[in-house]
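See below for the structure under consideration.
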Amino acid sequence: AAVYEDQVGKFDWRQQYVGKLKFASLEASQGSKKLVVATEENVVAALNSRSGEILWRHVDKGTAEGAIDAMLIHGQDAVTVSNAGRILRSWETNIGGLNWETSLDTGSFQGAALVGLPEAVKYVAVLKKAALSLHYLSNGHQKWVEHLPESESTQYQLLYSCGTGVIHVVGIVPQSHLNILTFNVEDGEITKQVRVAAPWLRGLQGSCGVVGEAVLVCVDTAARSLHVCALDTEQDMRHIPLQSLELEFADDFQARILATQPSVTGASRTQFFLQLSPSHFSLLQYKQGLLSHLRDFQQAALVSFATTGEKTVAAVLTCRSELKPGSSDGLHGGSTLEDARRQDSLTCSNQTYNINLYLVETGQRLLDTTITFSLEQGGAKPQQLYIQVFLKKDDSVGYRALVQTEDHMLMFLQQPGKVVWSREESLAEVVSLEMVDLPLTGAQAELEGEFGKKADGLLGMFLKRLSSQLILLQAWTAHLWKMFYDARKPRSQIKNEINIDNLARDEFNLQKMMVMVTASGKLFGIESSSGTILWKQYLRNVRPGSSFKLMVQRTTAHFPHPPQCTLLVKDKETKMSFLYVFNPIFGKRSQVAPPVLKRPILQTLLLPIMDQDYAKVLLLIDDEYKVTAFPATKNVLRQLEEIAHSIYFYLVDAEQGKLSGFRLKKDLSTEESWEVAIPTEVQRIVTVKGKRSNEHVHSQGRVMGDRSVLYKSLNPNLLAVVTESTDTHHERTFIGIYLMDGVTGRIIHSSVQKKAKGPVHMVHSENWVVYQYWNTKARRNEFTVLELYEGTEQYNATAFSSLDRPILPQVLQQSYIFPSAISAMEATITERGITSRHLLIGLPSGAILSLPKALLDPRRPEIPTEQSREENLIPYSPDVQIHAERFINYNQTISRMRGIYTAPSGLESTCLVVAYGLDIFQTRVYPSKQFDVLKDDYDYVLISSVLFGLVFATMITKRLAQVKLLNRAWR
Amino acid sequence: LFIMYMAGNTISIFPAMMVCMMGWRPLQALMSLSATLKALESSSRRALQGLVFLVGNGLGLALALYKCQAMGLLPTRPSDWLAFVTPLQRMEFTGGGLIL
């Protein structure tokens, strides 16, 4: 499975992502090349600001333990706090090395800040619920830690220092008072403790900010006023009503304050933004006890401060046209979801935005600082704005902007509106993936169409054939002409770019369209051979945490009908679902109107029957166990009526520990036919896996050593159900495996593995199930393989019916030790199933191991006999080793792999593999080597020269023989 | 015959060639049956001799077949026809899974 050096990157590609930004920092200088980011995916990374490439990246644990709580930048160092305030790390941002790491005491994290003395920034302060600690920036050592008084009742949330040798900590007792503590930086002594009454305040985050020389400003939405308190000197808050400034507060919106501190050694700016409504900001100034109004920003989507040298500017992102509440274009189904979001969604109707800079001191707009950019129609709105400001040579202000939109796309913009680069960070969270064949070219489609049509007379057929051949000839000459034309151009100019117009299936169908669904609700169409994103579509009304199911209803095989994919989206909270139907090649929404789903959908079933337009029928079962068909034409309903008796559903409710089967009735209602209860007190269902519907099994049995046949038990309705015990004590924990028939609910095999623990990874294919678990007794990872055989006789050699199976299959089982944990597992799949199967195992190290299924074969004998040797069975050995040459992704590791997807190609030997997680990796595998392809280094020249030589030699010798015969005759 | 016995039942090029020869020669002889009969025209017990010739060659052929069988070259077991067994036709369709 390993590749040769010259094959690197030939069939495979990898794309790396960082995820949605949580914190970002752009250096305030024109020449700077990097931006440091920390993301929701627990990644700390530096991006090249010229190209958007990742300079370095550190991936922490994917769980909450790795979550990054804060990131602070000081010079070349980035300080991060992660694991709920437990770990403090400092990174060198140029090369990404770790400077130091210290672990902090427990306690819920509240905030972190750099602390500066007037001359230099030397410390970082971390505020916990009950303590404040100060660490040296140079080595992370703790300088001091102090307990906070009254920490049970007071929530300390705000940390502030401005280079005066003291640290202010502000705590709040909601709706009662504020507790302001002042610490001395040198010894941690509390120099001052003030209690300020603030009965109207609920929380500090958002509604309070520190401006100027340590002046706390809080906004009171209800009273429409500001409250001001100097942290150093004052004992109570001054009340400043805002009515005089003629500012209008929006109803039911919590007003927010945004302040900025250009440098931790100096005071904050006296100017700050007051956000009055989702789209209304005002720039205010509080200086020497006077509040003044500098500028009002209506229709602003986002604001941000940035500082370079002495200048601080405010960047304001506004919509070019009016901001409108809600999206009323009705692009997507599920109108109820839209209503729910309407209140907090403001969309820009033509998706064109402006960014402008304003000088904060005066509120004046800086000339020539407008960036205008457009987002896709019907797309997402900007969510975060980061500005990199710098002074140009002529002392004017220039800037670049980093914009993150709702769909996790990052755009880096330059004046006057050029997109330097963009990154699709939602691809770090792929949840569902399908591969669709590319369409045929026009000429090929013409030929196909000819065969598809009904015959209309000999002459007509002949003419049609002639015309299609003519078209082929035309295409071929055009191709030749293009080759000739390209050959004259210098090689560097020839771009073999793939774009949506020249997409066509290649000879062996190795190139496909990957349709990816991401957690943010953005869909992507990616060309599989190069990884180019060909289309993207954002579903605006998808809330985070929705579940998705992607189905291919019509493939590209039915020209001229366009291919059709259907995505079922179900909201976690409202339980409502909607269907989104689209063309997987062009990403366009389909003209076909999907049914409006009034009830929550529990599951779906894609039937192999088709309507007159060759779209497979999709059945949706809702929470009243009623079935909706899509498409629901008369033709389909008639077909459904005919075969209703053979359609069954199974639903697995993991919460109630219930598996139930339903039978479809003629009127599209269902009746329950079986139910299996798995008591949730003891064990819970973790996975249920059926077989892949597109899987072909070529061989119906296995040839034994004595040349008889052991027939496989290929039950297409078989389900493998895995349960884990609720008791996780290492002596009593267990996992259970149930093989059930999805039609009858009959348990074909069940086993309980004692002293075993999840997470269980499972592959269910053909007649076997492989699962992996942690053995708590032996403390190791183990594989168990189950294979089902019917025996040497087939009960029914023509048809398989679950309802008529008097004999239970024989179940063979074996276990193996595996030296590593695994993060994903999948089996290869090929067009006709002749090629031997491999298991693709994603390891936590990021490698993908291709393990032959023959190594996990329960018929491996402990003592090899004559017969087993005849069968080529490998003698049993308990440990399965990881050989590095079996890695299919050499050094292209995939961080935090979540799944592997396999798809057959047009070549029987070749299987396409996509692994996804934080990164996306695509390659091809050849489980039985490339038996149907000539090797890359096949010597065409030698073979053809030998061939020509031989032909030539025959001709010469023939001539010679003739001459000789003639001579002899003359003699 | 002894050589055939010695050759064993493994399939490799020499035993295979020998079996081929063994089967081919009686066949050839049977093909040239008429020529042989013509040669025997002068003989008085022509029918008997012809019969013996036929039986002898038949035996040779049977022996070759038996040898083939012993070597496993004849498709007589079900396993030899396994590649032609068609996949079972599915009578029921089922679908579903964990509740979304």
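The values are calculated or read from the model by the stated rules, or taken from the named source; none is laboratory data. A quick note: this is a predicted structure, and the numbers were derived from the prediction, not measured. Quick reminder, even Gly has a Cβ in these numbers, built from the backbone with ideal geometry, and neighbours come from all protein chains shown. Just the protein is used for accessible areas: all its heavy atoms, side chains included, with ligands, DNA and RNA removed. Shrake-Rupley method; radii C 1.70, N 1.55, O 1.52, S 1.80 Å.
For the reader, a short list of remarks on this structure follows.
- Pairing each residue of region B:77-92 that is facing another protein chain (nearest Cβ under 7 Å) and part of a loop (DSSP other than H, G, I, E, B) with any residue that is among the aromatic types (Phe, Trp, Tyr) and open to solvent by less than 70 Å² (accessible area, probe 1.4 Å), provided the two are 6+ apart or on different chains, yields C-beta distances under 7 Å for B:LEU88/A:PHE800; B:MET91/A:PHE800; B:GLU92/A:TYR648.
- Candidate set from region A:700-751 (those that are more than 9 Å from every other protein chain (Cβ to nearest Cβ) and aromatic (Phe, Trp, Tyr)); member that is nearest to A:GLU787 (Cα to Cα): A:TYR738
- Any chance A:GLN772 is closer than 20 Å to A:ILE678 by Cβ, part of a strand (DSSP E or B) and not β-branched (Val, Ile, Thr): no
- Region A:669-697, residues that are more than 35 Å from the chain's Cα centre (by Cα) and crowded, with 17+ Cβ neighbours inside 10 Å: A:THR670, A:TRP674
- Taken over region A:602-646, the residue count meeting the criterion of being touching a residue at least 24 places away in the same chain (Cβ under 8 Å), closer than 17 Å to A:VAL592 by Cα and among the basic types (Lys, Arg) is 1.
- Residue within region A:781-798 that is open to solvent by 10 Å² or more (accessible area, probe 1.4 Å), small (Gly, Ala, Ser) and within 14 Å of chain B (Cβ to nearest Cβ) present: yes
- Among the residues of region A:689-697, none qualifies, meaning not one is at the interface with another protein chain (Cβ under 9 Å from one of its Cβ atoms) and free of Cβ contacts under 8 Å to residues at least 60 places away in the same chain.
- The residues of region A:376-414 that are over 22 Å from A:VAL542 (Cα atoms) and not in a strand (DSSP E or B), listed by number, are A:LYS392, A:LYS393, A:ASP394, A:ASP395, A:SER396.
- Test result for A:ALA67, crowded, with 21+ Cβ neighbours inside 10 Å and on the phi < 0 side of the Ramachandran plot: no
- The criterion of at least 2 residues that are out of contact with any Lys or Arg (no Cβ under 7 Å at 6 or more places or on another chain) is met, among strands (runs of 3 or more DSSP E) falling completely within region A:1-82, by A:13-15, A:21-26, A:34-39, A:54-59, A:68-74, A:77-82.
- The lone exception for A:GLU310 - which of (1) open to solvent by 60 Å² or more (accessible area, probe 1.4 Å); (2) in contact (Cβ under 8 Å) with a residue 24 or more places away in the chain; (3) within 30 Å of A:PRO416 (Cα to Cα) it fails: (2)
- Taking the criterion of being farther than 25 Å from A:SER161 by Cα and among the β-branched types (Val, Ile, Thr), the residues of region A:259-318 that qualify are A:VAL316, A:THR318.
- Of note, A:LEU640 satisfies the criterion of being more than 9 Å from every other protein chain (Cβ to nearest Cβ), assigned to a helix (DSSP H, G or I) and buried (at least 17 other Cβ atoms within 10 Å of the Cβ).
- Check on A:LEU855, on the phi < 0 side of the Ramachandran plot and surrounded by fewer than 18 Cβ atoms within 10 Å (Cβ to Cβ): yes
- Residue match in region A:911-933 (condition: open to solvent by 40 Å² or more (accessible area, probe 1.4 Å) and either of a type in the set (Asp, Glu) or under 20 Å from A:HIS761 (Cβ atoms) (or both)): yes
- Matching option when the condition is within 14 Å of another protein chain (Cβ to nearest Cβ) and touching a Lys or Arg at 6+ places or on another chain (Cβ under 9 Å), among B:LEU73, B:LEU40: B:LEU73
- Looking across A:VAL219, A:VAL194, A:VAL228, A:VAL215, one residue alone is surrounded by fewer than 21 Cβ atoms within 10 Å (Cβ to Cβ), closer than 28 Å to A:GLN243 by Cα and of a type outside the set (Gly, Ala, Ser). It is A:VAL228.
- Tally of residues being farther than 20 Å from A:ILE822 by Cβ and in contact with a Leu (Cβ under 9 Å, 6 or more places away or on another chain) across region A:900-921: 7
- Those strands (runs of 3 or more DSSP E) of region A:504-593 in which 1 or more residues are surrounded by fewer than 20 Cβ atoms within 10 Å (Cβ to Cβ) and among the hydrophobic types (A, V, I, L, M, F, W, C) occupy A:533-538, A:547-554.
- Residue selected from region A:86-101 under the condition under 14 Å from A:GLN142 (Cβ atoms) and in contact with a Lys or Arg (Cβ under 8 Å, 6 or more places away or on another chain), by the criterion most open to solvent (accessible area, probe 1.4 Å): A:GLU101
- Only one of the numbered conditions (1) under 28 Å from A:LEU26 (Cβ atoms); (2) open to solvent by less than 50 Å² (accessible area, probe 1.4 Å) is not met by A:MET237, and that is (1).
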